[in-house]
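S.K.: Just dropping this structure here.
The values are calculated or read from the model by the stated rules, or taken from the named source; none is laboratory data. Fair warning: this is a prediction, and the values are worked out from it, not measured in the lab. Note: ideal-geometry Cβ built from the backbone for every residue, glycine included; neighbour counts use all protein chains shown. Quick note on the areas: whole protein, heavy atoms, side chains included, nothing else; ligands and nucleic acids left out. Shrake-Rupley method; radii C 1.70, N 1.55, O 1.52, S 1.80 Å.
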Amino acid sequence: DDVRVYNRALTAQEIADMYNNGLNGISPQKLKVSTSNNTIAPSNLVGWWTFDGNKLNSTTSTDSSPSGNNGTLSGGPVPVRGKIGQALSFDGTDDYVANSTFVWPAGGGSITVSFWNFVATGNGGSAFSIGSLDNPNRAQAHVPAFDNTIYWDYGSTVGNGRVSVSYA
């Protein structure tokens, strides 16, 4: 639940604050995270899908960022209780949220993508993806993959960028 894309790299302290606020069940709408000169402000968000109450219906997940990149629900994901507010449960075969209008921030600079994810068993499929399969600038996470490894892809999985870490 609570998928976010920021147009800059968040600081380690901002990430820790978001994580701890999530552990304590604090709603993202109530977050007031700030450190020294950096504040996570709505202007830094270029995508924010909360999957909460009035931001979700049977066909649409409303983007709460100023960008207005609403997602279209496909395959029948089901609303469930999430880590922060409400989440979506996917069946692992054909459920997804699509967005054909999302554009990555210009300039090729740093970004931050955050999301809460729970998967009972890994099948190697994508748990999270922004961008179409033919987009060289898509981001995709396999969490967990079939081999006890978390994969994070930026661009094509055949060479543009993959980071992985074992959790075995």
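S.K.: Per residue, how many Å² of accessible area does the range 51-96 show with a 1.4 Å probe? Before the final figure, lay out the partial values.
M.R.: On the way: 2550 Å² over 46 residues.
With all protein chains present, the range 51-96 gives 55 Å² per residue.
S.K.: What FRET efficiency would be calculated for the residue pair Tyr167, Thr60, taking the C-beta separation as r and a Förster radius of 41 Å, to the nearest 0.05? Kindly include the intermediate steps, with their values, before the conclusion.
M.R.: Details: r = 33 Å, r/R0 = 0.82.
According to the calculation, E is roughly 0.75.
S.K.: Using a 1.4 Å probe, how large is the accessible area of Thr11, given in Å² and rounded to the nearest 10?
M.R.: Surface accessible to solvent at Thr11 totals approximately 40 Å².
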